[in-house]
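Visitor: My structure is below; once you've seen it, I'll send some questions.
The values are calculated or read from the model by the stated rules, or taken from the named source; none is laboratory data. All of these numbers come straight from a predicted model, not from anything done at the bench. All Cβ positions, glycine included, derive from the backbone under ideal geometry; neighbour counts span all protein chains shown. Quick note on the areas: whole protein, heavy atoms, side chains included, nothing else; ligands and nucleic acids left out. Shrake-Rupley method; radii C 1.70, N 1.55, O 1.52, S 1.80 Å.
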Amino acid sequence: MIGMRVFFVIGTRPEIIKMAPVIHECEKRSIEHFVLHTGQHYSDNMSKAFFDDLSLKAPDKNLNIGSGSHSEQTAKALLGIEKELLSYKPDVVLVQGDTNAVLSATIVAVKLHIPVGHIEAGLRSNDVRMPEEHNRRLTDHASAFLFAPTEETAETLRGEKVWGRIFVTGNTVIDALEKLIPEAEERIANSKFSNRNNFVLLTMHRAENVDDKKTLTGIIEGLISLDEEILFLAHPRTVSRLEEFNLMEMIKNNSRIEILEPVSYLIFLGLMKRAKYILTDSGGIQEEVTAPSINRRAFVLRTSTERPEAVSSGHVSVVGVNPKEFPTKIKEYVDKGLDVHMPGPYGDGLASERILDILVDYI
Ligand code: UD1
Ligand code: UDP
């Protein structure tokens with residue numbers, strides 16, 4: 001449809017990053033669009049910094065829902081999104097990933113009979129503890145367009161007999177990242193990290209890891225026993241829990257772990273490139289390490305992953321959270337060598353173009 005109107009819903013840091021190339025593609029094609037930010041992430045270093053680095057204009061509407069329980073966040077987003085959808089009357093609602101923003105937008109849109117396009121469809125961790133696993137399963141089964149990043153994720157959707165049409169597109173994070181690498185190199189060279197080398201880059205924020213005192217204490221003990229120079233860019237959720245469980249001192253007293261606030265996207269890309277290896281429980285970072293311009297090893301502090309393609313390509317190893325086991329596993333991998341020789345599984349950086357080609361054809 002020539003006059004197609006697209007309604008984007010985003011809520012958190014990774015959604016801003018992964019939706020940016022799709023929004024830019026709409027701008028390039030002069031497709032009318034509206035960007036709604038639920039405001040789930042609101043700190044400058046979790047939201048505005050990403051609009052700046054990704055050259056995105058401010059959202060057309062911010063619901064400012066902020067932090068709260070899952071029900072609070074979802075309920076506020078449902079009401080806010082409904083009002084804007086009724087007024088904008090889009091032809092399609094696009095959501096990305098597995099957050100509460102994604103689930104909320106999907107519920108509202110399908111009840112208003114507006115088709116939903118789910119970007120990054122078909123991922124499964126099969127870990128019932130994860131709120132994201134419920135969000136992504138529910139969204140996949142309500143979406144009209146399922147943009148699966150890989151053939152494997154498409155196969156999962158076919159196996160589950162979802163109602164919508166399935167397309168393999170690649171992951172839009174590769175589009176975002178590859179475009180920004182030259183700028184990231186420049187930014188890091190002019191930053192306080194310009195002389196940093198041989199460090200391990202750490203991020204961690206999964207509720208299953210940080211909300212449980214015993215698990216989080218174990219992970220910190222394991223990190224200390226790893227005895228590497230660790231740069232820990234701590235998510236605000238993790239900072240809250242470290243303080244609540246009196247673990248912050250344990251980290252600050254350790255001279256080999258430096259804990260800092262999250263950094264902007266361009267700096268983070270630069271740090272990933274320079275790191276000896278990456279330790280994380282993030283979803284997006286498991287994909288980014290497979291990008292041709294990054295091509296690093298990541299050790300995943302979890303017991304499962306919904307990104308098995310990155311394990312098959314040799315970029316990602318799931319090492320668990322048991323402090324008696326994960327440091328030894330990591331040391332064994334390091335001893336064997338950290339080079340990766342397989343191509344990344346998440347596409348060629350053209351996922352956003354494919355998504356819009358499909359929407360123009362089908363809507
Ligand atoms: C959310 C997503 C998760 C995603 C992550 C990306 C859900 C269920 N979870 O988890 O899938 O991987 O975002 O980072 O949607 N906080 C701030 N400032 C902010 C945002 C959060 O201080 O801008 C703090 C608050 O104390 C808040 C806590 O972080 O309570 C958790 O934030 P929330 O958005 O609820 O969940 P995330 O852990 O960020
Ligand atoms: N990221 C960043 N700065 C940081 C930490 C992460 O720019 O200090 C980026 C990272 O490159 C990735 C995204 O944030 O693209 C991942 O977000 P997060 O781990 O919060 O969410 P997930 O991907 O697990 O949903």
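Visitor: Can you tell me the 0 to 90 degree angle between the C-alpha axis of helix 131-142 and the longest principal axis of the chain, rounded to 10?
Guide: Tilt relative to the chain: about 20 degrees.
Visitor: Of the accessible area of the range 1-151, with the probe set at 1.4 angstrom, what percent is carbon plus sulfur?
Guide: Roughly 57 percent, rounded to a whole number.
Visitor: Between the range 312-355 and the range 71-128, how far is it from one alpha carbon centroid to the other, in angstrom?
Guide: Using only Cα atoms to place each centre, the spacing works out to 30 Å.
Visitor: For the chain, calculate the relative contact order in percent as a whole number, restricting contacts to Cα pairs under 8 Å that are 6 or more residues apart. Intermediate values should be presented prior to the final figure.
Guide: Details: 714 pairs, mean separation 60.8, N = 363.
Computed over the chain, the figure is 17 percent.
Visitor: Calculate how large, on average over all directions, the projected area of the Cα convex hull of the chain is; give the answer in nm² to one decimal. Kindly include the intermediate steps, with their values, before the conclusion.
Guide: Values: hull surface 67.0 nm².
In nm², the orientation-averaged hull projection of the chain is 16.8.
Visitor: From the helices alone, meaning DSSP H stretches of at least four residues, give me the mean residue ellipticity at 222 nm for the chain, per-run term -39500 (n - 2.57), in deg cm²/dmol to the nearest 500. Could you put the intermediate results ahead of the total?
Guide: Numbers: 16 runs with 167 residues, N = 363.
Counting only the DSSP helices, I get -13500 deg cm²/dmol.
Visitor: Note the angle between two axes, namely the Cα long axis of helix 351-362 and the longest principal axis of the Cα atoms of the chain, as a number of degrees from 0 to 90, rounded to the nearest 10.
Guide: Helix 351-362 and the main axis of the chain meet at about 20 degrees.
Visitor: Helix 70-88 versus the longest principal axis of the chain: what angle, 0 to 90°, nearest 10, using Cα atoms?
Guide: It works out to around 30 degrees.
Visitor: Distance check, please: which entries in LYS48/LYS252; LYS83/LYS161; LYS179/LYS329; LYS76/LYS179; LYS28/LYS76 exceed 30 angstrom between their Cα atoms?
Guide: Numbers: LYS48/LYS252 28 Å; LYS83/LYS161 32 Å; LYS179/LYS329 34 Å; LYS76/LYS179 35 Å; LYS28/LYS76 32 Å.
Checking Cα-Cα distances, LYS83/LYS161; LYS179/LYS329; LYS76/LYS179; LYS28/LYS76 exceed 30 Å.
Visitor: Same structure again: What full-extension length gain, to one decimal in nm, is calculated for GLU261 and ASN195 as 0.36 nm per residue of separation minus the Cα-Cα distance? All intermediate terms of the calculation are to be shown ahead of the outcome.
Guide: Values: separation 66, 0.36 × 66 = 23.76 nm, distance 1.88 nm.
Using 0.36 nm per residue and subtracting the Cα-Cα distance, I get 21.9 nm.
Visitor: Counting heavy atoms of the protein chains only and a 1.4 Å probe, report the per residue accessible area for the chain as a whole number of Å². All intermediate terms of the calculation are to be shown ahead of the outcome.
Guide: Details: 15110 Å² over 363 residues.
It amounts to 42 Å² per residue over the chain.
Visitor: Can you send over the solvent-accessible area of HIS70, 1.4 Å probe, protein chains only, in Å² to the nearest 10?
Guide: 100 Å²
Visitor: Cβ under 15 Å from GLU208's Cβ, GLU208 left aside: what net charge do those residues give with Lys, Arg +1 and Asp, Glu -1?
Guide: Around GLU208, the surrounding residues sum to -1.
Visitor: Related question: What is the distance in Å between the Cα centres of the range 231-303 and the range 1-29?
Guide: The range 231-303 and the range 1-29 have Cα centres separated by 27 Å.
Visitor: Lys and Arg at +1, Asp and Glu at -1: add these up for the other residues within a Cβ distance under 11 Å of ASP281 and post the number. Walk me through the numbers on the way to the answer.
Guide: Working: positive: ARG206, ARG302; negative: GLU208.
Every neighbour counted, the sum reads +1.
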